[in-house]
Amino acid sequence: MSDPLLRANEHSRRRFIARTASSLLGVGLLPEIFSPCVSGAEVTAGAAEAPRAATAMNVIYLYMGGGQSQFETWDPKEGVPTAGPTKIIKTSADGIRIAEHLPRMAKQMHHATVLRSLKSTQGAHEQGVYYMRTSYTLRGTIRHPAMGTWLSHLQGGGNPKLPSSVFVGNDSNHPGAGFLPASQGPFFVSNPENGIKNVTLRQGLAEDRFASRLALANELDQDFRASFPQSGVKAYSEMYDQAITLMKSEDIKAFDLTEEPDEMRNAYGREAFGQGCLLARRLVERGVRFVEVSMGDWDTHAANFIRIPVLCETLDRALSTLLSDLHSRGMLQKTLMVLTTEFGRTPNINANVGRDHHPQAFSAVLAGGGVKGGYIYGKTDKQGYEVEEDEIHVPDFNATIASALGLPLKQPVFSTSRRPFTVADKGEPVLDVFA
Amino acid sequence: MRYFPLLFNVALSLLSLALSSRAAAQEASPNAAEAARQIDALLVADWKKHGLKPNPPTPDEVFLRRVYLDIIGRIPAPGETQEFLADRQPDKRARLIDKLLASDGYSHRMFAFWADILRAQTAGLPTSGISSALYLKYIKESIRTNKPYDQFVRELVSSYGKIWENGAVGYYMRDRGMPLDNMANTARIFLGTRMECAQCHDHPFDKWTQKQFYEMAAFTYGMDTTYTGIREAPRAIALFARSRKDREAQMKSPDPAARAQAERETKAARWQGAVFENLGDRVKYVKTDYVADRELRLPHDYQYSNAEPKSVVKPAMVLGPPAQIDDPGALPEAYSRWLTSPENPRFTTVITNRLWKLAFGRALIEPLDDLKDDSEAVNPELMKYLEKLMVDLRYDLKAFQRVLYNTSTYQASASREQSEAGTVYRFTGPLLRRMTAEQLWDSLVALINPAPDEPRELPGDRELAIKVGQLRKISDALDLLTAQELFEGALKAGETYEATAARSSELKDAYAAAQKAKDKAEMERLNLEIRAQSMKGRSAANDLLVIPAVSRLYTQVTGQPAPPAPRSTEADEVMAMMKKGKGKQAVRHNYIDVPGYDVPEENAAEREQRKKAQRARFDEEARRFGLEGNRMDEYAKAREKIEATWLRASELSSPAPRGHFLRDFGQSDRQVIENANDQASVPQALVLMNGDLLPALTQRHSQVMLAVEKAKKPEEKLRAVYLALLTRPPTEKEKASWEAARAKGLDSMEDLIFALINTQQFLFIQ
């Protein structure tokens, strides 16, 4: 790996990047107390074990909120009562068969590894989602960072004019930056079609008038700034400069989906999730290192077999297009695509023809970023009740993602109350999935 | 006004809010001035010792803006500014402080303060937002009535009962199912002591051991937030267990009818869990219970030699004075008295520092919530004096703030030089502070809305009262059912559950067949029928248990026999209404009204009366602005929109949704204690330059534009904008700058307003 962006732990470079990248669209300048000087000490403390060399530069993380049924997607069963009416289809990868609701994805399976042996300890949504995103259980006293924030904190990098991580979706429970500085947390986009708010001049306002107004503001503020020569005040002057740079910058077009041809936008699907995946590709293309796109409604306690085909239609279109698009642009090699959910669904079909929460055994998918293509890891029993081989606990799963990024798994990072935490708690990466 | 008593009961009434807040005028404390002088003297002594000079006194307009922001959380309106600047009496600052502390704006300001500390969220507690709403109401009410701080904290940590009886119980609900985390939070926010490390192991940097942590937690471990909604459910479930043996015996009976009955009941009994869950569904988690005999045990992997793993922990206090336990059955009481005792020094240190920080920008001990035995205040004599003052004032937070704001030091200019976090600052004046997100938002609101502070009925208040009434009714009714009745009703309802499950199973097969045949219409029909089946079970439980319970409640309340109960809504009717999106109504109207519980929807007459009163208020304002005739109508129309849209931060959801102006400016997410930040970020500049704010500020009937309209000459208009936005007239230099800009084509007031809201002096509190 000769790419300089993938080499971490260079004190001054990280300091520089942390200052520029995050201040742009994140929530501000780093307060001094959090500056990577502090983590400088951590680097030595935790350097006992060198991280695995990175195989992925970026991550596109697709979150299936509500608990995706593994039976109707990645781990279908047949000939048992728990299978339900779902049929199984062959895929482009030898020996891998998935549910009939994902026909387009079936043609892309040679890029992907299916993990069929995930296990979570959390059976309720809020706790389950939190655990999946952070590797820690939900506590009342602290918020832990999600993977994008860890990446930004431990490595930085990416395009300094864009946020280091972006979250696309409406989930209000995302832990954000956790205990790390808000500036290292994700930039939130609720509607991918709207892009970034407030980056264009108000309608009817000519550019020169806008400039004159700012010049006037500047002039009227001179005495105040001279009276209070403080960094907090100065930060605001700098921020205005950066805001105007951003308004004029080309990079911001990453957020503008209208630049994409209609065929491309249709191929991803016009639903928010499809457009979110397209936005993710555009952002990664321009140097955003971690993009999460969430898709909800997988909580199929009732009418599982009616709702899943509809959900899969959206997912199938977006996911298969994303993989083929990344592949044809030569981006798949460096971009790890992750698809996951908080838990699976019960083998038993309930009285409402639905499936309930089942954290004991469920599936996730990885593709690109150094992961094997056309591979299956882990196995559930014939009926799908339990994991039969190669259990993957949630922290192990996250350690695998962190490992692909070359993040130091053992390096402790301290919260404001000086408690040590690591990127995937004590998870062990599943190295077998890497090519 | 049938719902009037209820509104009083549940503290929902805006009427009562308005009435009592006017009455609660603050008597001026004769000692405030003396105490303020003492504080100044202690500061002067400290400056002398360290060779420092005090900051110069502030001009009136700087003081005015600052004290408005600090006490009521927004900048003054032009009228308020003129009134103060025109006042020539020497005691005008003291009188202003009193006025602001007594005003409605104080509650808005302090809500953000407490909501950040308590992590009070609109959606922070379970059960469809109602518990949260009542908890927030309780916090607001405690602020508004200036409840003594020690009493407030005692109520929070020792209250149990249903949320509508006492909103304080929300304190435990906030950490539902996490009693140990709750204890760590209590220690941090009220004692400034960080114990959360000791939750899992001995504290690595402080003296706390894990055992000590558990000993503290044992006091409140009995606080149970997992209420299922049915008081007698545990005993009813025990009856099910006991009756199993009877049924098993009956299965062996020679009588075939008896055997059949036993079999039927055995099948029905299997559904007890589902029945109780469905019954309690709407009213679970509405209560914090105190279970006196709930034992706290050390974890199974306890690693130290001073106790066995899994051994029971006896409550003990690990800091401050020993706790007085008079009644072992009321540990939270003892705990709350110990916690809030003046003998427990950290309790006073923390709140004193919080309020000092609110006024001066930094605490005397930083961080104020990580106190150690050797923590020392930057000015120990002052710290000691302030703590004594707090105790002498009996934790009256308004009285304490009155003293701080009356000091010459608070009324001095903000320090010119930066004082970095972590360095010693000797308080030669307040620090320069960026407005909090709430102060900034509320200031902008005040530039648009001429009456931003007054309590009034908010959209959703009535709806909330209706919902609370419904829940109270069902919950209180379910409480009247005995274990035996629950057992019998659930067994009977279980038969319907069993029957519908069997039917569902058939439907499921039919569904699979339809799916195979790709018959979409049939699939949808079957799906609806399957859902209707599940409604039938719920409906049976409702008919057999809830409806009779509500009738009993009626009789209990009125002493009269209950009117006939409405027929239970049939499953297919509910389905039909669900299709129209009105499923909830179908359920709501399923019970008889019980006096004191049901709050009617607003009727036409009430609505008209409310609109009339509103219009009268708007007309009064319009006259104040000198508007007449047509303009009054136009004003009323615009004003109605303003009233619905431009609400103070404390009246919006807590926290505001992500992407809201407040969040862009660092409002706390209220997931973590005091998580607000005041750092600059690009979205802030973007929203001030390009957002929807400017059009709102410059609409014809905004507070600021009406002030501009009243001014006739250009220099008067300039002055009006300066007074409204920056609380001062423009300097000669600024007048010249504006003239020059005008000559170059910036000819509208919108240009000037844009420029001023995009200055840093607008954002910072001098």
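Assorted remarks:
- B:Ala707 buried (at least 21 other Cβ atoms within 10 Å of the Cβ), more than 9 Å from every other protein chain (Cβ to nearest Cβ) and outside any loop (DSSP other than H, G, I, E, B): yes
- Scanning region A:271-300 for residues that are out of contact with any strand residue (DSSP E or B) (no Cβ under 7 Å at 6 or more places or on another chain), closer than 30 Å to B:Asn527 by Cα, open to solvent by less than 60 Å² (accessible area, probe 1.4 Å) and not in a helix (DSSP H, G or I) gives A:Gly296, A:Asp299.
- Taken over region B:316-337, the residue count meeting the criterion of being farther than 16 Å from B:Leu191 by Cβ, open to solvent by 30 Å² or more (accessible area, probe 1.4 Å) and part of a loop (DSSP other than H, G, I, E, B) is 6.
- Verdict on A:Ala211 being within 26 Å of B:Phe754 (Cβ to Cβ), part of a helix (DSSP H, G or I), more than 10 Å from chain B (Cβ to nearest Cβ) and of a type in the set (A, V, I, L, M, F, W, C): yes
- Evaluated against (1) within 14 Å of chain A (Cβ to nearest Cβ); (2) more than 24 Å from B:Glu454 (Cβ to Cβ); (3) in contact (Cβ under 8 Å) with a residue 24 or more places away in the chain; (4) not polar (S, T, N, Q), B:Val594 falls short on exactly one condition, (1).
- Inter-residue pairs, beta-carbon under 6 Å, first within 11 Å of A:Asn352 (Cα to Cα) and in region B:504-516, second among the aliphatic types (A, V, I, L, M), 6+ apart: B:Ser504/A:Ala351; B:Ser504/B:Ile530; B:Leu507/B:Leu526; B:Leu507/B:Ile530; B:Lys508/A:Val353
- Scanning region B:203-217 for residues that are part of a loop (DSSP other than H, G, I, E, B), open to solvent by 30 Å² or more (accessible area, probe 1.4 Å) and closer than 22 Å to B:Glu295 by Cβ yields a single hit, B:Thr209.
- Counting only helices (runs of 4 or more DSSP H) that fall entirely inside region B:417-530 and contain at least 3 residues that are surrounded by fewer than 22 Cβ atoms within 10 Å (Cβ to Cβ), the qualifying elements are B:461-479, B:483-516.
- Checking each residue in region A:238-270 for being open to solvent by 80 Å² or more (accessible area, probe 1.4 Å) and closer than 19 Å to A:Arg281 by Cα picks out A:Glu250, A:Thr258, A:Glu259, A:Asp262, A:Glu263, A:Arg270.
- Elements of type helices (runs of 4 or more DSSP H) contained in region B:53-129, each with 1 or more residues being within 26 Å of the chain's Cα centre (by Cα): B:60-72, B:92-102, B:105-118
- Number of positions in region A:350-372 that are part of a loop (DSSP other than H, G, I, E, B) and open to solvent by less than 40 Å² (accessible area, probe 1.4 Å): 9
- Condition check for A:Thr340: surrounded by 19 or more Cβ atoms within 10 Å (Cβ to Cβ) and part of a loop (DSSP other than H, G, I, E, B): no
- Here region B:385-409 is the region considered, the condition is being open to solvent by 10 Å² or more (accessible area, probe 1.4 Å) and assigned to a loop (DSSP other than H, G, I, E, B), and the residue that is nearest to the other protein chains (Cβ to nearest Cβ) is B:Ser408.
- Count of residues meeting criterion [surrounded by 14 or more Cβ atoms within 10 Å (Cβ to Cβ) and either at the interface with another protein chain (Cβ under 9 Å from one of its Cβ atoms) or touching a Phe, Trp or Tyr at 6+ places or on another chain (Cβ under 7 Å) (or both)] in region A:190-208: 9
- Whichever residue in region B:727-740 is at the interface with another protein chain (Cβ under 9 Å from one of its Cβ atoms) and open to solvent by 10 Å² or more (accessible area, probe 1.4 Å) and, among such residues, is farthest from B:Phe63 (Cα to Cα): B:Ala740
- Here B:Ala412 passes the criteria (1) within 14 Å of chain A (Cβ to nearest Cβ); (2) in contact (Cβ under 8 Å) with a residue 60 or more places away in the chain; (3) out of contact with any helix residue (DSSP H, G or I) (no Cβ under 6 Å at 6 or more places or on another chain) except the one numbered (1).
- Of the candidates A:Arg133, A:Arg143, A:Arg97, A:Arg104, the single residue that is at the interface with another protein chain (Cβ under 10 Å from one of its Cβ atoms) and of a type in the set (Lys, Arg) is A:Arg143.
- Count of residues meeting criterion [among the polar types (S, T, N, Q) and either at the interface with chain B (Cβ under 7 Å from one of its Cβ atoms) or open to solvent by less than 20 Å² (accessible area, probe 1.4 Å) (or both)] in region A:214-236: 3
- Residues within region A:150-163 that are within 14 Å of another protein chain (Cβ to nearest Cβ) and open to solvent by less than 20 Å² (accessible area, probe 1.4 Å), tallied: 2
- Filtered residue count, region A:59-75, keeping only those that are open to solvent by 10 Å² or more (accessible area, probe 1.4 Å) and closer than 18 Å to B:Lys508 by Cβ: 0
- Region A:100-114 - residue that is among the charged types (D, E, K, R) and assigned to a loop (DSSP other than H, G, I, E, B) and, of those, most open to solvent (accessible area, probe 1.4 Å): A:Lys107
The values are calculated or read from the model by the stated rules, or taken from the named source; none is laboratory data. The shown structure was predicted, so the numbers you read here are calculated from the model rather than taken from an experiment. Virtual Cβ from ideal backbone geometry, glycine too; neighbours counted across all protein chains shown. Note: accessible area is taken over every heavy atom of the protein model, side chains too, but ligands, DNA and RNA are not part of it. Shrake-Rupley method; radii C 1.70, N 1.55, O 1.52, S 1.80 Å.
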